[in-house]
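Participant: Okay, here's the structure, questions in a sec.
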Amino acid sequence: MADLRTGVYCIRNGQNGKVYVGSTSRSLTGRQKDHLNNLRGDRHINRHLQHAWNKYGEEAFTFEVLE
């Protein structure tokens, strides 16, 4: 069964402690997949997050549900 929860989440950079905070009215799992696809494809709309992703690598980031 799909994750239908909505809410607030963050993408945390474990190397520098910075966070990207977002919210979704769709599935949190689906939103996470969207972010990962865009970051891995070097086409995320947030250039600061994309730059950090390119600099530190995927392993430096975690996706956390806040609410």
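Participant: Kindly indicate which of 65, 19 is without any contact (Cβ under 8 Å) to a residue 40 or more places away in the chain and among the hydrophobic types (A, V, I, L, M, F, W, C).
Facilitator: Of 65, 19, the one residue that is without any contact (Cβ under 8 Å) to a residue 40 or more places away in the chain and among the hydrophobic types (A, V, I, L, M, F, W, C) is 19.
Participant: Kindly indicate whether any position in segment 29-51 is part of a helix (DSSP H, G or I), charged (D, E, K, R) and either open to solvent by less than 40 Å² (accessible area, probe 1.4 Å) or in contact with a strand residue (DSSP E or B) (Cβ under 7 Å, 6 or more places away or on another chain) (or both).
Facilitator: The answer is yes, given that some residue of segment 29-51 is part of a helix (DSSP H, G or I), charged (D, E, K, R) and either open to solvent by less than 40 Å² (accessible area, probe 1.4 Å) or in contact with a strand residue (DSSP E or B) (Cβ under 7 Å, 6 or more places away or on another chain) (or both).
Participant: Of a type outside the set (Ser, Thr, Tyr) and within 14 Å of residue 58 (Cβ to Cβ): does that describe residue 37?
Facilitator: Answer is yes for this residue.
Participant: Can you tell me which residue in segment 6-34 is farthest from residue 60 (Cα to Cα), limited to those that are under 10 Å from the mean Cα position of the chain (by Cα) and among the β-branched types (Val, Ile, Thr)?
Facilitator: Filtering segment 6-34 for residues that are under 10 Å from the mean Cα position of the chain (by Cα) and among the β-branched types (Val, Ile, Thr), the one farthest from residue 60 (Cα to Cα) comes out as 21.
Participant: For segment 52-62, give me the residue count where each residue is in a helix (DSSP H, G or I) and touching a residue at least 24 places away in the same chain (Cβ under 8 Å).
Facilitator: Selection size over segment 52-62: 3.
Participant: Regarding segment 9-20, can at least one residue be identified that is assigned to a helix (DSSP H, G or I) and touching a strand residue (DSSP E or B) at 6+ places or on another chain (Cβ under 7 Å)?
Facilitator: Scanning segment 9-20 turns up no residue that is assigned to a helix (DSSP H, G or I) and touching a strand residue (DSSP E or B) at 6+ places or on another chain (Cβ under 7 Å).
Participant: Still on this structure, please answer the following. Conditions: (1) open to solvent by less than 60 Å² (accessible area, probe 1.4 Å); (2) modelled with pLDDT under 95. Residue 20 meets all but one. Number of the miss?
Facilitator: Looking at each condition in turn, residue 20 falls short on (2).
The values are calculated or read from the model by the stated rules, or taken from the named source; none is laboratory data. As the structure is a computational prediction, the values presented were derived from the model and not from experiment. Cβ coordinates were reconstructed from backbone atoms using ideal geometry, including for glycine residues, and neighbour counts include every protein chain displayed. What goes into the accessible areas is simple: the full protein's heavy atoms, side chains included, and nothing from ligands, DNA or RNA. Shrake-Rupley method; radii C 1.70, N 1.55, O 1.52, S 1.80 Å.
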